[in-house]
Amino acid sequence: DNKAAGEKFLEENKTKEGVQTTASGLQYKVIEEGNGPKPAMNSKVRVHYEGKLLNGEVFDSSIQRGEPLEFICGMGMMIRGYDEAVATMEVGQSVDIHLTPDQAYGYPDPRAIFTVEISQLPGAEEVPVGETVVLYTNAGQPMQVKVAAKDEKTITFDGNSEMAGKELNFHIELVEVQ
């Protein structure tokens, strides 16, 4: 299972040369030293990154898109471990980090899976299993969910992130601090 594979990875990774572990448990390795400024809380930053699953499959890459990601450091715009890593970097520095589910998208929550009568959602009869849709909470907040199952009368949605429960590896380069 993914949790056991992640624990094994952490145990092996921490013994590798250059791998450091922060007080929060974030494992990182400096690949290239930087010589520019570090971001302060609420600084706008631009980073290039590549995200991989434990099996090495790339799931996202600003490098492949050719456009750095821009966000405000420390504002919760990014997953916790990613934000923590960038906050400690200097411009020009690149690091490899490993994030556990707790440091990334969390674990799947069974409460985020719910079933609704198709008659309560006009148009739901046309939505195929596997499709991602946006529903709105009673407070009007948008919520992205995936159609997990469907029969003639009901449709089941899963509001968990597809990355929930996954161990993630990122290569990050801090390009700019504004």
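The values are calculated or read from the model by the stated rules, or taken from the named source; none is laboratory data. Small disclaimer: the values here were computed from a predicted structure and weren't measured. We place every Cβ from the backbone using ideal geometry, glycine too, and count neighbours over all the protein chains shown. Heads up: the accessible areas ignore ligands, DNA and RNA and are worked out on the full protein's heavy atoms, side chains in. Shrake-Rupley method; radii C 1.70, N 1.55, O 1.52, S 1.80 Å.
Here are a few things to note about the model shown:
- Odd one out for residue 33, checked against (1) within 17 Å of the chain's Cα centre (by Cα); (2) within 14 Å of residue 173 (Cα to Cα); (3) open to solvent by 90 Å² or more (accessible area, probe 1.4 Å): (1)
- Residue check, residue 153 over 30 Å from residue 66 (Cβ atoms) and among the basic types (Lys, Arg): yes
- Total residues in segment 134-154 satisfying the condition of being open to solvent by less than 40 Å² (accessible area, probe 1.4 Å), modelled with pLDDT of 95 or more and either touching a Pro at 6+ places or on another chain (Cβ under 6 Å) or over 18 Å from residue 108 (Cα atoms) (or both): the figure is 1.
Table: residues versus (1) in a strand (DSSP E or B); (2) under 24 Å from residue 14 (Cα atoms); (3) in contact (Cβ under 8 Å) with a residue 24 or more places away in the chain.
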residue	(1), (2), (3)
40	no, no, yes
48	yes, no, yes
52	yes, yes, yes
86	no, yes, yes
96	yes, yes, yes
122	no, no, no
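- For residue 12, the conditions (1) in a helix (DSSP H, G or I); (2) at pLDDT 95 or above are fulfilled apart from (2).
- Residues in segment 39-81 that are modelled with pLDDT of 95 or more, over 23 Å from residue 102 (Cβ atoms) and open to solvent by 50 Å² or more (accessible area, probe 1.4 Å): 44, 46, 63, 64, 65, 66, 67, 70.
- Residue under evaluation residue 100, criteria (1) touching a strand residue (DSSP E or B) at 6+ places or on another chain (Cβ under 8 Å); (2) within 20 Å of residue 162 (Cβ to Cβ); (3) crowded, with 16+ Cβ neighbours inside 10 Å; (4) of a type in the set (S, T, N, Q), criterion not met: (1)
- Unmet criterion (only one of (1) within 20 Å of the chain's Cα centre (by Cα); (2) crowded, with 16+ Cβ neighbours inside 10 Å; (3) assigned to a loop (DSSP other than H, G, I, E, B)) for residue 24: (2)
- Test: residue 109 is exposed (fewer than 14 other Cβ atoms within 10 Å of the Cβ), under 20 Å from the mean Cα position of the chain (by Cα) and in contact (Cβ under 8 Å) with a residue 24 or more places away in the chain: yes
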